[in-house]
1. Search region 30-43 for residues being open to solvent by less than 10 Å² (accessible area, probe 1.4 Å) and in contact (Cβ under 8 Å) with a residue 40 or more places away in the chain, and hand back the single one that is farthest from Gly59 (Cα to Cα).
2. Looking only at region 172-190, count every residue that is open to solvent by less than 50 Å² (accessible area, probe 1.4 Å), touching a residue at least 40 places away in the same chain (Cβ under 8 Å) and closer than 17 Å to Phe217 by Cα and tell me the total.
3. Which one of the conditions (1) closer than 19 Å to Val37 by Cα; (2) in contact with a strand residue (DSSP E or B) (Cβ under 8 Å, 6 or more places away or on another chain) does His181 fail to meet, given that it meets all the rest?
4. Where in region 1-119 are the helices (runs of 4 or more DSSP H), entirely inside, with at least 3 residues that are more than 28 Å from Ala243 (Cα to Cα)?
5. Among the residues of region 1-29, count how many are surrounded by fewer than 18 Cβ atoms within 10 Å (Cβ to Cβ) and under 30 Å from Val196 (Cα atoms).
6. Restricting to region 123-146, and then to whatever is touching a Ser or Thr at 6+ places or on another chain (Cβ under 9 Å) and without any contact (Cβ under 8 Å) to a residue 24 or more places away in the chain, can you tell me which residue is most open to solvent (accessible area, probe 1.4 Å)?
7. Residues in region 66-89: is at least one touching a residue at least 12 places away in the same chain (Cβ under 8 Å), out of contact with any Leu (no Cβ under 9 Å at 6 or more places or on another chain) and closer than 28 Å to Thr168 by Cα?
8. Of all residues in region 92-107, which are touching a helix residue (DSSP H, G or I) at 6+ places or on another chain (Cβ under 8 Å) and touching a residue at least 40 places away in the same chain (Cβ under 8 Å)?
Amino acid sequence: MRRKIAAGNWKMNGTRASRAVLDALKAAHPDPGCEVVICPPAPLIPLLADGAAPYAIGGQDCHAQPSGAHTGDVSAETLADCGASHVILGHSERRADHGESDAVVRAKTEAAWRAGLVAIVCVGETESERDAGRALDVIRTQLDGSLPDGMTAANTVIAYEPVWAIGTGRTPTLPEIAEVHAAIRAHLTARFGDPVANALRILYGGSVKPGNAAQIFALADVDGGLVGGASLKAEDFGPIIAAASA
């Protein structure tokens with residue numbers, strides 16, 4: 001059975017005082033029945049990683065190179081050294097705001113593996129792509145281009161995030177979510193084989209809230225969530241952890 005994941009992407013939010021969110025979550029859910037990964041801004045990783053167990057701490061991006069003249073970037077090795085065990089790659093905001101191509105995401109995924117990090121690789125369609133009936137084709141293309149050949153269920157998690165649902169309050173219907181997740185697993189089965197694809201966790205990301213998490217996580221091919229705004233407050237993220245644990 002695939003163990004569900006509740007992953008919180010804090011994006012460009014949080015200060016040192018945000019350690020209180022992690023402490024509150026641990027107090028309310030000291031032994032969750034799912035994996036919990038919190039991805040704060042990079043400067044906060046060491047602060048949160050200290051004493052985080054059984055929760056995991058992750059980064060929100062990494063550079064493909066282990067070191068060098070790359071001002072403002074952070075290597076996967078640095079993330080790992082600071083206490084991260086995971087890293088989000090190819091988030092739609094990185095793809096849109098920073099022009100990250102599938103090839104760039106693929107190189108960063110290889111870097112994450114090189115440093116011993118679990119790569120949370122994001123894919124998803126825009127509203128215009130969905131309206132044009134191209135959602136599944138877009139996602140399959142992203143999977144093909146973003147995932148290196150060495151993918152396993154141990155070194156990678158996939159996150160499906162319909163771009164039009166992120167932070168908008170809009171959520172696809174349950175059948176729409178189920179269709180995409182089943183298509184992702186089928187496509188990965190064709191490339192990597194049954195054992196890998198069946199063990200791989202596929203998260204849903206896009207306006208996950210305490211009120212809809214249980215229904216979404218109950219879908220057959222949904223193995224948890226990549227949560228944005230609702231992960232910033234313990235009173236919101238706690239019920240989502242509980243839904244994933246159930």
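The values are calculated or read from the model by the stated rules, or taken from the named source; none is laboratory data. For clarity, every value in this text was computed on a predicted model and none was experimentally measured. Heads up, the Cβs are rebuilt from the backbone with ideal geometry, glycines too, and the neighbour counts pull from every protein chain shown. All accessible areas refer to the heavy atoms of the entire protein, side chains included, with ligands and DNA or RNA removed. Shrake-Rupley method; radii C 1.70, N 1.55, O 1.52, S 1.80 Å.
1. Of the residues in region 30-43, the ones open to solvent by less than 10 Å² (accessible area, probe 1.4 Å) are 34, 36-40.
With the extra rule that they be in contact (Cβ under 8 Å) with a residue 40 or more places away in the chain, the set shrinks to 34, 36-39.
Numbers: Cys34: 19, Val36: 14, Val37: 10, Ile38: 8, Cys39: 5 Å.
Result: Cys34.
2. Within region 172-190, the subset open to solvent by less than 50 Å² (accessible area, probe 1.4 Å) is 172, 177-178, 180-185, 187-189.
Now narrow it down to the ones that are touching a residue at least 40 places away in the same chain (Cβ under 8 Å): 177-178, 180-181, 183-184, 187-188.
If we keep only those that are closer than 17 Å to Phe217 by Cα too, we end up with 177-178, 180-181, 183-184.
Number of matching residues: 6.
3. Going through the list (1) closer than 19 Å to Val37 by Cα; (2) in contact with a strand residue (DSSP E or B) (Cβ under 8 Å, 6 or more places away or on another chain), His181 breaks only (1).
4. Details: elements: 19-28, 45-49, 76-81, 92-97, 102-114.
In region 1-119, 76-81, 92-97, 102-114 are the helices (runs of 4 or more DSSP H) which contain 3 or more residues that are more than 28 Å from Ala243 (Cα to Cα).
5. Residues that pass the stated criteria total 3.
6. Here the residue is Arg134.
7. Within region 66-89, one or more residues are touching a residue at least 12 places away in the same chain (Cβ under 8 Å), out of contact with any Leu (no Cβ under 9 Å at 6 or more places or on another chain) and closer than 28 Å to Thr168 by Cα.
8. Hits for region 92-107 are Ser92, Ala96, Ser101, Asp102, Ala103, Val105, Arg106.
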